[in-house]
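Asker: Below you will find the structure I want to go over with you.
Only the coordinates and a few stated rules stand behind these numbers; no lab work does. All values derive from a computational prediction rather than experimental measurement. All Cβ positions, even for glycine, are placed from backbone atoms using ideal geometry, and neighbour counts span all protein chains on display.
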Amino acid sequence: MPVVVVANPKGGVGKSTLATHIAGHYARQGHAVMLGDVDRQQSSRFWLGLRPPQARPISTWEASGERLLLKPPRGTTHAVLDTPAGLHGWRSSEVFKLADKIVVPLQASVFDIFATRDFLDELTARTGRQPQIGIVGMRVDPRTIAADHLREFVESLGLPLVTMLRSTQNYVHLAARGLTLFDVTPTRVEKDLAQWAPLQQWLDG
Ligand SMILES: Nc1ncnc2c1ncn2[C@@H]1O[C@H](COP(=O)(O)OP(=O)(O)OP(=O)(O)O)[C@@H](O)[C@H]1O
Ligand SMILES: [Mg+2]
């Protein structure tokens, strides 16, 4: 069963946004997906509570505290784990041990890059190339100098920059309704779906 973990010790970079969308992507494909939340804030679980009953189902997984070690319920074919800012120590080791893929959202500011460098160095040192690590540029316009810096930085780490997602209120509005880009009429969110395509491919590859 593929387990995707979304992590970055920095706060507010888009972990929950990515985690809910990755779960939405699998749900869209008809998979039995669980969205687990290691975060004490329980943002992803809160979001699931907003999800309308007619939307494609995403189940939840009590993944906090000791119960993190429990396996997701039977019948689950895909698991996505949202994690909190500042996750470190044995808990992060436990989470990363479960992961087949780790998605790291990263904003294109020098401060974010600086704060994430140690985390990525530690992560690659600890896990090697298994699980696969993919970086997602968050709130970046690919045509800007900031985007170039992000590309250079990620390249210097030898990690793939899977895609860049622009800053748009679409993410804010969808989150407030328990939805993802994959739950609404595609023509309304065309630009964003195009930016997601490489990440969807990476997840399915
Ligand atoms: N690409 C984007 N464009 C516009 N707003 C975004 C984008 N990505 C995330 N946001 C918004 O930014 C805020 C923070 O995002 P999110 O909650 O996903 O970050 P987080 O890393 O999970 O935060 P925390 O560390 O607190 O758990 C949210 O209000 C979210 O809707
Ligand atoms: Mg969060």
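Asker: Can you pull out the residues in the stretch 135-158 that are of a type in the set (A, V, I, L, M, F, W, C) and surrounded by fewer than 20 Cβ atoms within 10 Å (Cβ to Cβ)?
Answerer: Answer for the stretch 135-158, where residues must be of a type in the set (A, V, I, L, M, F, W, C) and surrounded by fewer than 20 Cβ atoms within 10 Å (Cβ to Cβ): ILE145, ALA146, ALA147, LEU157.
Asker: Taking interchain pairs and intrachain pairs at least six residues apart, which have beta carbon atoms under 7 angstrom, with the first residue in the stretch 74-92 and within 16 Å of ALA19 (Cα to Cα) and the second outside any strand (DSSP E or B) and polar (S, T, N, Q)?
Answerer: ASP82/SER16; ASP82/SER43; ASP82/SER44; PRO84/GLN41
Asker: Applying the selection to the stretch 71-92, what residues are more than 28 Å from GLU152 (Cα to Cα) and surrounded by fewer than 18 Cβ atoms within 10 Å (Cβ to Cβ)?
Answerer: LYS71, PRO73, ARG74, GLY75, THR76, THR77, GLY89, TRP90, ARG91
Asker: Looking only at the stretch 161-184, filter to residues that are small (Gly, Ala, Ser) and exposed (fewer than 15 other Cβ atoms within 10 Å of the Cβ); which one of those is nearest to ALA147 (Cα to Cα)?
Answerer: Ranking the qualifying residues of the stretch 161-184, first place goes to SER167.
Asker: Go through (1) assigned to a helix (DSSP H, G or I); (2) surrounded by 20 or more Cβ atoms within 10 Å (Cβ to Cβ); (3) of a type in the set (Ser, Thr, Tyr) and name the single condition THR187 misses.
Answerer: (2)
Asker: Let me ask another. How many of the residues in the stretch 144-176 are within 16 Å of ligand 2 (Cβ to nearest atom) and without any contact (Cβ under 8 Å) to a residue 40 or more places away in the chain?
Answerer: 2
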